[in-house]
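The values are calculated or read from the model by the stated rules, or taken from the named source; none is laboratory data. If you're wondering where the values come from, they're calculated on a predicted model, not measured in any experiment. With ideal geometry, Cβ positions are generated from the backbone for all residues, glycine too; neighbour counts draw on all protein chains shown. Only protein heavy atoms, including side chains, enter the accessible area calculation; ligands, DNA and RNA are left aside. Shrake-Rupley method; radii C 1.70, N 1.55, O 1.52, S 1.80 Å.
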Amino acid sequence: MQTSPRAEEHWRRTRNLMITSLVIWFVFSFGIHFFVAALNQFVIGGFPLGFYMAAQGSLIVFVVLIFWFAWKQNKIDEEFGLAEEE
């Protein structure tokens, strides 16, 4: 089955966005928690940075990541004429 170059470009950009999002997710899911002891040397608002990132920071990043991903994917879909009608 042949696909058009336009469809291949759409998939390439969507795939790259997905990979970028997964790398960010991995860093804040595992990377931050893996280095929590080292991050605890820094203090923000009276709390060690490692504790803050484990308790609140990662969750904030995940929520922002969801909205950023949806916004970027919508821009890609609009560019290729695949956006949903509102």
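Take the solvent-accessible surface of the protein heavy atoms, probe 1.4 Å, and return the percent of it on region 1-81 that carbon and sulfur atoms account for.
Working: 4320 of 5990 Å².
Summing carbon and sulfur atoms, their accessible area is 72 percent of the total for region 1-81.
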- Query: Taking the Cα centre of the chain as the origin and placing charges on Cβ (Lys, Arg +1; Asp, Glu -1), which of Ala54, Val43, Ile19 is farthest toward the positive end of the dipole?
  - Reply: Val43
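Taking the Cα centre as origin and putting +1 on Lys and Arg beta-carbons and -1 on Asp and Glu beta-carbons, what dipole magnitude results for the chain, to the nearest 20 debye? Intermediate results must be reported in sequence, preceding the final value.
On the way: 6 positive and 8 negative charges, 86 e Å.
Dipole about the Cα centre, nearest 20: 420 debye.
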- Query: Once mean projected area of the Cα convex hull in nm² is worked out from the coordinates, which option in (i) 7.9; (ii) 6.7; (iii) 5.3 does it equal?
  - Reply: (i)
- Item | 0 to 90° range, to nearest 10: angle between helix 5-26 axis and the chain longest Cα axis | 10 degrees
- Query: Label Val23 and Ala55 with points 7 Å out from Cα along Cα→Cβ: what is the distance between them in nm?
  - Reply: 3.1 nm
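State in Å² the accessible area per residue of the chain; use a 1.4 Å probe, count heavy atoms of protein chains only, and round to the nearest integer.
Details: 6680 Å² over 86 residues.
That works out to 78 Å² for each residue.
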